[in-house]
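This report refers to the structure that appears directly beneath it.
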Number of protein chains: 4
Amino acid sequence: MKQLRIGMIGYKFMGKAHSNAYRSLPMFFPKALKPEMAVLCGRNAAALQEAAARLGWSDTVTDWRELVGREDIDLIDINAPSDAHKEIALAAAKAGKHIFCEKPLALTLADSREMLEAAEEAGVMHMVGFNYRFSPAVRLAKRLVESGRLGQIYHFRAWFLQDWILDPEFPLVWRLQKEIAGSGSHGDLGAHLIDLAHFLVGDIHEVIGMSETFIKERPLAAEMTGLSAKANADAPKGPVTVDDATLFLARFANGAIGSFEATRFAAGHRSTNSFEINGSLGSVKFDFERMNELEVYLTSDEEDVQGFRRVLATDPAHDYAEAWWPPGHTIGFEHTFIHEFLELSSAAAEGRQPVPNFHDGVKCQAVLEAVERSVEERRWVQLSEMQ
Amino acid sequence: MKQLRIGMIGYKFMGKAHSNAYRSLPMFFPKALKPEMAVLCGRNAAALQEAAARLGWSDTVTDWRELVGREDIDLIDINAPSDAHKEIALAAAKAGKHIFCEKPLALTLADSREMLEAAEEAGVMHMVGFNYRFSPAVRLAKRLVESGRLGQIYHFRAWFLQDWILDPEFPLVWRLQKEIAGSGSHGDLGAHLIDLAHFLVGDIHEVIGMSETFIKERPLAAEMTGLSAKANADAPKGPVTVDDATLFLARFANGAIGSFEATRFAAGHRSTNSFEINGSLGSVKFDFERMNELEVYLTSDEEDVQGFRRVLATDPAHDYAEAWWPPGHTIGFEHTFIHEFLELSSAAAEGRQPVPNFHDGVKCQAVLEAVERSVEERRWVQLSEMQ
Amino acid sequence: MKQLRIGMIGYKFMGKAHSNAYRSLPMFFPKALKPEMAVLCGRNAAALQEAAARLGWSDTVTDWRELVGREDIDLIDINAPSDAHKEIALAAAKAGKHIFCEKPLALTLADSREMLEAAEEAGVMHMVGFNYRFSPAVRLAKRLVESGRLGQIYHFRAWFLQDWILDPEFPLVWRLQKEIAGSGSHGDLGAHLIDLAHFLVGDIHEVIGMSETFIKERPLAAEMTGLSAKANADAPKGPVTVDDATLFLARFANGAIGSFEATRFAAGHRSTNSFEINGSLGSVKFDFERMNELEVYLTSDEEDVQGFRRVLATDPAHDYAEAWWPPGHTIGFEHTFIHEFLELSSAAAEGRQPVPNFHDGVKCQAVLEAVERSVEERRWVQLSEMQ
Amino acid sequence: MKQLRIGMIGYKFMGKAHSNAYRSLPMFFPKALKPEMAVLCGRNAAALQEAAARLGWSDTVTDWRELVGREDIDLIDINAPSDAHKEIALAAAKAGKHIFCEKPLALTLADSREMLEAAEEAGVMHMVGFNYRFSPAVRLAKRLVESGRLGQIYHFRAWFLQDWILDPEFPLVWRLQKEIAGSGSHGDLGAHLIDLAHFLVGDIHEVIGMSETFIKERPLAAEMTGLSAKANADAPKGPVTVDDATLFLARFANGAIGSFEATRFAAGHRSTNSFEINGSLGSVKFDFERMNELEVYLTSDEEDVQGFRRVLATDPAHDYAEAWWPPGHTIGFEHTFIHEFLELSSAAAEGRQPVPNFHDGVKCQAVLEAVERSVEERRWVQLSEMQ
């Protein structure tokens, strides 16, 4: 493949992050196949024009079906609300387009499997947007696990804590409506934790969870941008139909145990996306609010200087670091997307599937749904049941 | 009551901590009723003599039955291994002695209830050794919850992580044998988390847990002191019959959700006893390795300076602090016992039951056992079942 | 002004940071006057071509005199080595071009004054690259000082610690040669601290310092990129003619006291650029390795919850934050340049001088040189002497 | 020596810390020569009685001359206000008593030398109370320096920050009066930093400093206990005659550079006693508010896991740790005194001088006074001048 002409659907929070990543890739990774920011797609023509100009897209269309049908597009980037993922992805696959889809892949496991099958059948590239895999510090954790430097993994604990809807007057945005978002904190935040667990520890064997919706009704939203929104005074209220928090326990196929917590009601946590891995030879801890850092403990350290090290993953020894700034000069949230698209671009150049792809998206969806089933049926659910 | 003459059974890790606390109480809390370190009890006469001299006890006996029967003793302090708690406590109650018992109160819920009933019937004081309640920073957390400054409590998460038996060659000490210890990380570490949950959040409605024993066999121990121990080379192996790690989820009676993790296999964690509480108006975080500190977040802070504060609980405004050193001059692990015995001593002087007492011990035991049942039966267990 | 056509000299570490910033400005601050990346200038034609293509510049020239003379350029961005700043700036001013110059403005105070005078005489805009002012967390510190929320400022302490030349075999790059770099850690790192002191506290009245060069000779460099470099085996050695570390004490015009430490020999510090300000009503602490955070202490907090708060400056209440990502989603080193050019662009649109400008560069240079004089003459030097 | 009968002068903050340490030593270090808490001395008979009973002293006298003359006393422990140190120490030496003296040894260098000479002439043991040397984490730092694991020491920075007199209405206690206290933050806090510098890095060659008194007048004190005090409303004001903050730079005999900051005006710092040491092979950082921890960086770590480790100095590998609690169970401020008296007791048993002794006290005083001279004369002062 010599070029990668992108048609992107959506231009809000994720659309902005993607645009910035496409635009930045050639400057920092000049050897990568360069994505061409060809066509931006959205329903509101005026807003779309403004966004395309601002974000740097060459053309616009207001109908995603038209976009999918265009000859001059190689890849469809789907970051529309979750309920639209499936239909677009199926059409894109049918049209022979490569697909990048934001997580969660779909509203249901069945849908996500249909998307995977369609993409595989069409022989196109498919990728899913688990961007946190692409933090240099997370890559370092992966390297420590894979190289055996942490030994046998005993325990994985992960928590994604936010507080953006703590205020009961925060309005009923689409992310709080099951029919659009699929689920709440579980699919939004927990999905990232599950993918990191798959990436860092391996397959999950069984799960049991619990969910709670603390604020059952909220005022209808007047407007929403990114994660912020406002309601008019005296706005009528509607029911919140997703979970505010979901916790679950897991047993991995390799015998490790796991705990997962996702909540939007943890006061003081703007976006604490954290995990810890305990192995027989060491441990690592990560917190996305300090994403340049990984805390590393190795039992092989001399006995009087054992302790968690704060490793700043900005040295030449760390993934991606040399493309950026000198050691100690940090990067931010948006860079995970640039690295993600480096993988997409590299896969395109090499004619292989990028990772993580729809297989990973399906696997994540299976766990999400197994947890939901375990909540409903109040019992342990094995992943082997999720057929 | 004018005096409090103590007879103590056990002189290892806990016995040393208790002795130090009895001895220190009058110096730092001179208004408190002074405990008299009267009689120390243990089976090995030589070791007992040495310990009594070192720890400051006036007399010794090698038979706890004799101790319980002595006229010149007001209170029996039980810090023998867990399997001995019940028999001693029942005898002490029968003899009309007040009782301080280390946690866990007993090996089973039934036993702990029997102990409570015996103590209540005898009309004696009873207290259980949940010493972490007596950290000034934990008291501050309690104050913030009780005063409503954290609002409605949504989420309690707690984790007690150690790594003292990470080495597979660490021997099979009594704490790893079910018939003596009752359980492993669950009863040893998890019990403290459960008590803190009761103290800070309230009653638990239902639980579901999972347990794992990562190392199934260990060499038999040659000697043990405190938490350290050694095995002889080529020592035969025996089965580990307790859990290395136990995790559980909980729903509180007040609607809050909870997660609990206790493990002895978290490399790098010497003794991380931590919790976080998220409420509608704020959050607090605690880690016993930095026991003088409480992190506090309040939503009422001005919008541009919101963040977790690191409060050093050594100011005059904090519990116990004025008895100690100037602000910023920290205290340590052993001080929790001094404060614990201040409560014991105050209760004695005021003719009331100390807190936490056997009611709290039973409540903790009920949760421990409910979790164990949930592990065995792989289902949610309600505390109301634990009759 | 309707456009801002940039001609930039230099394309290594700073050139890359500037290019990225020019390119990113319109996407994240669409209302700002858009800089046009017109002409890139460097001496090595082949490397220049590659850089221009990679960094996104439309045209190239190999002679800066030609660049300065071009009609289609509005602003000259100087990030060549420090010894070239003056000559270029004088020519640019003479040609009526606006000027952005990296710090340090020049090798001497006299030179920097000449540059300021030339720019002022020519009536052009001038700006100096003190990018750390543009961290949101630093802006928050400024706001707290200016609004009086910290009260009277008593003490400013600042330290910029690196370890990039700790290895004695690290080669003799231009940054270690006085005739090119002017000074070592002092002008490179200390300059940033001095500017932050000016920005946050105010004018300095007098200083006294000490300097040290720990490694006096190093192998000659074979190649250098950014801050990294290599020497050939058996490379001959040359003398290090700049300071490895410079410390100084200061008294501010407003009575505050100050301490400053700049070193390239602090093992473990990749780029710790930190300051603390203590005032009569509160304190703030900053560390650029955690640049999204400001620690804030306010004496007005309730007496039992006083402590440094870790404020993540990513909330809507913080400068620049709304242009970026939701709360808790961090930014990095490169973003300081984008904000810096936002100021440049805003000043151009509004027809005013940007801040910090050559006045600030001269002021910084005066302190740098006063410290150097104090080192040589082993005495306190007042800034009023630096005429 | 078979016993160590103590006569102690003073029973406030330090007297309480000493009493607790004497009392605790035999329990935790049973092999050490046991100090006998024989006689407590103070001027106010009633308060003295109460203190002796509370702190555990057998006898009392109100005249220190009487104490010094008693046959049944082996060692005089001086923790009276600083202006009384010299006279008592000289008398004690003359009477052939061993001497423990709190820091600062005396109000002037000349006085401290006289004390040293008297003690040496009398052939008695002498020790000075630099208790921070006895933190396990500080001992670990010492071990890392001495064993060469940090390589050549380049840089020592230290800061002791408090805020206990930040409030301008805090009264004029004796610690703020030059004739009693000798100096302010410099002698009180800076003295500890200087001693740590001597202990960890070595002799100081030259210094230059600056001092400031931010609040020049304060209300006269009505009462004072430890570090806290109150003034009556409408109390008359008196002049503060000591420094509120003193900073200085230093060059060590071994070529290392140093910076020192002592202040009582750092809002939010209750008692931040910190240092950092940078060597050619590694660095360490310490903060007494987290006294159980030492941060350690070693350049020999593998290149992808380099970072400061948080070492909890509670492992068996650390000094004193086995006498206390299991790993991860922390100790506090008061324990530094117990370890200090362990040294005193060990020296007594072994018939040698304890360390630190009056030589160290004199050395510290010389630096304190050299800094004061450098402040007055506004110039670098070499320690060789301090004859």
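Would you check if there is a residue in segment C:327-344 being open to solvent by 20 Å² or more (accessible area, probe 1.4 Å), more than 11 Å from chain A (Cβ to nearest Cβ) and more than 21 Å from C:Leu144 (Cα to Cα)? Yes, there is a match, as at least one residue in segment C:327-344 is open to solvent by 20 Å² or more (accessible area, probe 1.4 Å), more than 11 Å from chain A (Cβ to nearest Cβ) and more than 21 Å from C:Leu144 (Cα to Cα). Please enumerate the residues belonging to segment B:77-98 that are in contact (Cβ under 8 Å) with a residue 60 or more places away in the chain, crowded, with 22+ Cβ neighbours inside 10 Å and in contact with a Leu (Cβ under 7 Å, 6 or more places away or on another chain). Selection gives B:Ser82, B:Lys97, B:His98.
Among the criteria (1) touching a residue at least 12 places away in the same chain (Cβ under 8 Å); (2) within 14 Å of chain A (Cβ to nearest Cβ), the one C:Arg70 does not fulfil is (2). Residue count for segment B:118-147 under the criterion of being touching a strand residue (DSSP E or B) at 6+ places or on another chain (Cβ under 6 Å) and open to solvent by 10 Å² or more (accessible area, probe 1.4 Å): the result is 1.
Looking only at residues of segment B:273-306 that are more than 25 Å from the chain's Cα centre (by Cα) and among the hydroxyl-bearing types (Ser, Thr, Tyr), we find that the one that is most open to solvent (accessible area, probe 1.4 Å) is B:Ser300.
With the structure loaded, tell me whether A:Lys2 is open to solvent by 20 Å² or more (accessible area, probe 1.4 Å), within 11 Å of chain C (Cβ to nearest Cβ) and either more than 18 Å from A:Ile99 (Cβ to Cβ) or not hydrophobic (A, V, I, L, M, F, W, C) (or both) or whether it fails that test. It is false that A:Lys2 is open to solvent by 20 Å² or more (accessible area, probe 1.4 Å), within 11 Å of chain C (Cβ to nearest Cβ) and either more than 18 Å from A:Ile99 (Cβ to Cβ) or not hydrophobic (A, V, I, L, M, F, W, C) (or both). Note on segment D:23-74: among residues that are charged (D, E, K, R) and within 19 Å of D:Leu90 (Cα to Cα), the one that is most open to solvent (accessible area, probe 1.4 Å) is D:Glu71. Are any of the residues in segment B:116-132 within 14 Å of another protein chain (Cβ to nearest Cβ) and in contact (Cβ under 8 Å) with a residue 40 or more places away in the chain? There is at least one residue in segment B:116-132 that is within 14 Å of another protein chain (Cβ to nearest Cβ) and in contact (Cβ under 8 Å) with a residue 40 or more places away in the chain.
Yes/no matrix, rows are residues, columns are (1) touching an Asp or Glu at 6+ places or on another chain (Cβ under 9 Å); (2) more than 22 Å from C:Gly190 (Cα to Cα); (3) among the charged types (D, E, K, R):
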| site | (1), (2), (3) |
| --- | --- |
| C:Leu109 | yes, no, no |
| C:Glu117 | no, yes, yes |
| C:Glu121 | no, yes, yes |
| C:Arg139 | yes, no, yes |
| C:Ile153 | no, no, no |
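When residues in segment D:6-22 are screened for being closer than 13 Å to D:Ala51 by Cα, open to solvent by less than 10 Å² (accessible area, probe 1.4 Å) and small (Gly, Ala, Ser), 3 of them pass.
Looking only at segment A:360-387, which residues are of a type in the set (S, T, N, Q) and crowded, with 21+ Cβ neighbours inside 10 Å? Before you say what the answer is, go through the steps one by one.
Of segment A:360-387, the ones of a type in the set (S, T, N, Q) are A:365, A:374, A:382, A:384, A:387.
Scanning segment A:360-387 gives A:Gln365, A:Ser374.
When B:Thr213 is tested against (1) of a type in the set (Ser, Thr, Tyr); (2) at pLDDT 95 or above; (3) within 15 Å of the chain's Cα centre (by Cα), only condition (3) is not met.
For every residue, the table says whether it meets (1) open to solvent by 10 Å² or more (accessible area, probe 1.4 Å); (2) out of contact with any helix residue (DSSP H, G or I) (no Cβ under 6 Å at 6 or more places or on another chain); (3) not basic (Lys, Arg).
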residue	(1), (2), (3)
B:Gly184	no, yes, yes
B:Asp188	yes, yes, yes
B:Gly209	no, no, yes
B:Ala229	yes, yes, yes
B:Ser259	no, yes, yes
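Take C:Arg309 and decide whether it is buried (at least 24 other Cβ atoms within 10 Å of the Cβ) and assigned by TED's automatic domain parsing to the domain that holds C:Phe156. Steps first, answer last, please.
Working: buried (at least 24 other Cβ atoms within 10 Å of the Cβ): yes; assigned by TED's automatic domain parsing to the domain that holds C:Phe156: yes.
Considered against the rule, which asks whether it is buried (at least 24 other Cβ atoms within 10 Å of the Cβ) and assigned by TED's automatic domain parsing to the domain that holds C:Phe156, C:Arg309 comes out as yes.
Of the residues A:Val242, A:Val207, the single one that is in contact with a Ser or Thr (Cβ under 8 Å, 6 or more places away or on another chain) and over 18 Å from A:Arg157 (Cα atoms) is A:Val242.
If the condition is being facing chain A (nearest Cβ under 8 Å) and either β-branched (Val, Ile, Thr) or touching a His at 6+ places or on another chain (Cβ under 7 Å) (or both), then segment B:148-160 contributes no residue at all. Mind listing whichever residues of segment A:93-149 are of a type in the set (Asp, Glu) and closer than 30 Å to C:Thr330 by Cβ? Result: A:Glu102, A:Glu146. Please tell me if C:Leu200 is in contact with a Ser or Thr (Cβ under 9 Å, 6 or more places away or on another chain) and either over 22 Å from D:Leu249 (Cβ atoms) or not hydroxyl-bearing (Ser, Thr, Tyr) (or both). Criteria not met by C:Leu200. Scoring D:Gln152 on the criteria (1) over 30 Å from D:Asp72 (Cα atoms); (2) surrounded by 24 or more Cβ atoms within 10 Å (Cβ to Cβ) leaves a single failure, condition (2). Take the conditions (1) on the phi > 0 side of the Ramachandran plot; (2) within 11 Å of chain D (Cβ to nearest Cβ); B:Gly351 misses just one of them, which is (2). Considering the conditions (1) among the charged types (D, E, K, R); (2) open to solvent by less than 50 Å² (accessible area, probe 1.4 Å); (3) within 27 Å of C:Ser24 (Cα to Cα), A:Asp319 is excluded by exactly one of them, (2). Only residues that are closer than 16 Å to C:Leu116 by Cα, open to solvent by 10 Å² or more (accessible area, probe 1.4 Å) and assigned to a helix (DSSP H, G or I): list them for segment C:345-359, please. Hit for segment C:345-359 is C:His359, nothing else.
The values are calculated or read from the model by the stated rules, or taken from the named source; none is laboratory data. Predicted model, so just to flag it, every value in this text is computed and none were measured. Virtual Cβ from ideal backbone geometry, glycine too; neighbours counted across all protein chains shown. We work out accessible area using only protein heavy atoms, side chains counted, and drop any ligands, DNA or RNA first. Shrake-Rupley method; radii C 1.70, N 1.55, O 1.52, S 1.80 Å.
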